[in-house]
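First up is the structure itself, then whatever we jot down about it.
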Amino acid sequence: MSQKIIDLLNKARSRELTAISQYMAQHYELEDQDFGKLASKLKEISIQEMKHAEKLAERILFLKGEPTSKPDGVAKKGQKIPEMLTTNMALESAAMKMYNEAAMVCAAEKDQISKELFEELLKDEEDHFNYFENVKDHIGKLGAAYLATLVG
Ligand SMILES: [Fe+2]
Ligand SMILES: [Fe+2]
């Protein structure tokens, strides 16, 4: 099996590990600020990213590679909600670009299973991106009135 694919899977895993620590950090900060509804959504998305990291590790192990445990970035702390959303949209869109390209490499290398895994992850990242973008748009349009709906 191609080392190229193992490297792509590990690059994706590093990206997932960054997203996990970023969303967990935000989950705790938002919880602390009483934005409980947004906090639970971040927790939910963070758990989805953990599942992504696991699926990537399973595929890497199947290909006889070694799953990395290194994130490719550091979680930002102390951001205001709109900044958090911008951070998250950047993480998700970089992941989408990475997974799109990785799926094409997998197709060229004739590794259908890894290709499907990248496509599955890509779909989830698109959903995450859309969620963050929606919340940001709502805050932009409605401001404090919308923020009040995220309290809980
Ligand atoms: Fe992910
Ligand atoms: Fe995501």
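This table checks each residue for (1) open to solvent by 40 Å² or more (accessible area, probe 1.4 Å); (2) of a type in the set (A, V, I, L, M); (3) more than 11 Å from ligand 1 (Cβ to nearest atom).
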{"position": "K4", "(1), (2), (3)": "yes, no, yes"}
{"position": "K11", "(1), (2), (3)": "yes, no, yes"}
{"position": "E16", "(1), (2), (3)": "no, no, no"}
{"position": "L38", "(1), (2), (3)": "no, yes, yes"}
{"position": "I47", "(1), (2), (3)": "yes, yes, no"}
{"position": "A57", "(1), (2), (3)": "no, yes, yes"}
{"position": "F62", "(1), (2), (3)": "yes, no, yes"}
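Within the stretch 119-133, can you find the residues that are touching a His at 6+ places or on another chain (Cβ under 6 Å) and more than 9 Å from ligand 2 (Cβ to nearest atom)?
None; the set is empty.
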Kindly indicate the residue of the stretch 80-122 that is outside any helix (DSSP H, G or I) and touching a residue at least 40 places away in the same chain (Cβ under 8 Å) and also farthest from ligand 1 (Cβ to nearest atom) among those meeting that condition. E109
Considering residues that are within 16 Å of ligand 1 (Cβ to nearest atom) and either among the aromatic types (F, W, Y) or closer than 27 Å to A144 by Cβ (or both), the number found within the stretch 65-79 is 1
Taking the options K76, K136, name whichever one is open to solvent by 60 Å² or more (accessible area, probe 1.4 Å), assigned to a helix (DSSP H, G or I), more than 12 Å from ligand 2 (Cβ to nearest atom) and in contact (Cβ under 8 Å) with a residue 24 or more places away in the chain. K136
Candidate set from the stretch 27-55 (those that are within 13 Å of ligand 2 (Cβ to nearest atom) and of a type outside the set (D, E, K, R)); member that is nearest to D72 (Cα to Cα): A53
Condition check: touching a residue at least 12 places away in the same chain (Cβ under 8 Å) and either surrounded by fewer than 17 Cβ atoms within 10 Å (Cβ to Cβ) or under 18 Å from the mean Cα position of the chain (by Cα) (or both). Does K43 satisfy that? yes
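The values are calculated or read from the model by the stated rules, or taken from the named source; none is laboratory data. Source: prediction; values computed, not measured. Cβ: placed from backbone, ideal geometry, glycine included. Neighbour counts: every protein chain shown. We work out accessible area using only protein heavy atoms, side chains counted, and drop any ligands, DNA or RNA first. Shrake-Rupley method; radii C 1.70, N 1.55, O 1.52, S 1.80 Å.
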